[in-house]
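Computed from the coordinates by the stated procedures, all read-outs in this text should not be read as laboratory data. For clarity, every value in this text was computed on a predicted model and none was experimentally measured. With ideal geometry, Cβ positions are generated from the backbone for all residues, glycine too; neighbour counts draw on all protein chains shown.
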Amino acid sequence: NRPSTPDAAPADTADADMIRRNGMSIDESDRLSLDNIRASLIRQEDSIIFGLIERAQYLCNAPVYEPGGVEVPCFKLDGTRACMLEFMLRENEQVGGKIRRYTSPDEHAFYPDDLPLLVIGAMSYANPLAPAADAININDRIMDMYVKNIVPALCRAGDDFNYGSAGLADVNCLQTISKRIHYGKFVAESKFLARTEEFSALIRAQDAAGLMDLLTFKAVEDRVVRRVTNKAATYGQDISEELPDAIAARLTGEGTNVKIEYKVAPERVGELYYKWIMPMTKDVQVEYLLRRLDHM
């Protein structure tokens, strides 16, 4: 933790002292500030792209997602065995939940009703979101989308029996994608504050379609897809201390048609981002805005 400074201290010192006396910590970073949204989104892009590249090295491995496909010690209330991915994700959330991962406004558990007690004191966050944000969690949709759409589009069909490695990559992908999609709440709040009157009129009318139109900027979305595709092309190459021949040829103007081998097709990553991640992010934005005035 960085040392406290006058600029980093909470506005209400008395409240801060009371929080500390109750055994809580105070998040003195500015990572949840609305001013840092763009930088945070770009970092999340990087995490998602690296995660997808990692998952793409394994085949689809369908047993990881099939209840009973791999015999894991995890059962549902009706007595049926859960799939291996659910087991791994639940176990991961038990660890993260103990160290207050899911008390942060930008984190959302896939199984929020089963989180453990904290083993370290709670933390007080400077949360810029409206109270209605707490009730918005679309991880069920994200899980369904990931298993049915992203994995088959990203990975080659078949079974290579690397269930543990594939499952670990899946957990990482799901958590980073979930964080990016739910970060739509922060994006929506920033846009609401910039155009409060326009958004408020649509919110009072509960006009979801109107909100979606006001949130959509096609040119910005196209730039995001291009950036994601370019990053996937860069991160998806094997980089060594020597400049790759294909890149060297392009820099010198020789052999501009030299083919570069990628770990996963860059355009496929951009397409997945455009087709699934960005629309679901906007769904979260609309859901948040429809409730933005509930406590006012």
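Sparse packing (at most 14 other Cβ atoms within 10 Å of the Cβ) combined with a DSSP loop state is found for the following trypsin sites (Lys or Arg not before Pro) in region 120-168: R156. Per the Cα gyration tensor, region 54-117 maps to an equivalent ellipsoid with semi-axes of 24, 17, 8 Å, ordered largest to smallest. Each residue of region 148-162 was assigned a 3J(HN,Hα) from its phi angle through the Karplus curve 6.51 cos²θ - 1.76 cosθ + 1.60 (θ = phi - 60°); the sequence is 8, 10, 6, 4, x, 7, 8, 10, 6, 5, x, 9, 10, 6, 8 Hz, with glycine and proline shown as x. For I26, the amide hydrogen comes within under 5 Å of the amide hydrogens of S124, counting only partners 5 or more places away or on other chains and with H modelled in the peptide plane. Karplus-derived 3J(HN,Hα) values for region 109-126, using 6.51 cos²θ - 1.76 cosθ + 1.60 with θ = phi - 60°, are 6, 7, 10, x, 6, 10, 6, x, 6, 6, 9, 10, x, 5, 10, 9, 10, 7 Hz; glycine and proline are entered as x. Basic side chains Lys and Arg get +1 at the Cβ, acidic Asp and Glu get -1 at the Cβ, and with that the dipole of region 79-145 about its Cα centre reaches some 180 debye. Using only the C-alpha atoms, the convex hull of region 79-186 corresponds to 124 Å³ per residue.
The protection proxy used here, the mean number of other Cβ atoms lying within 10 Å of each residue, ranks peptides 58-67, 166-175, 39-48 as follows, highest first: 166-175, 58-67, 39-48.
With θ taken as phi - 60° and the Karplus curve 6.51 cos²θ - 1.76 cosθ + 1.60 applied, the whole-hertz 3J(HN,Hα) list for region 264-275 is 8, 4, x, 5, 5, 5, x, 5, 4, 4, 5, 7 Hz, x standing for glycine and proline.
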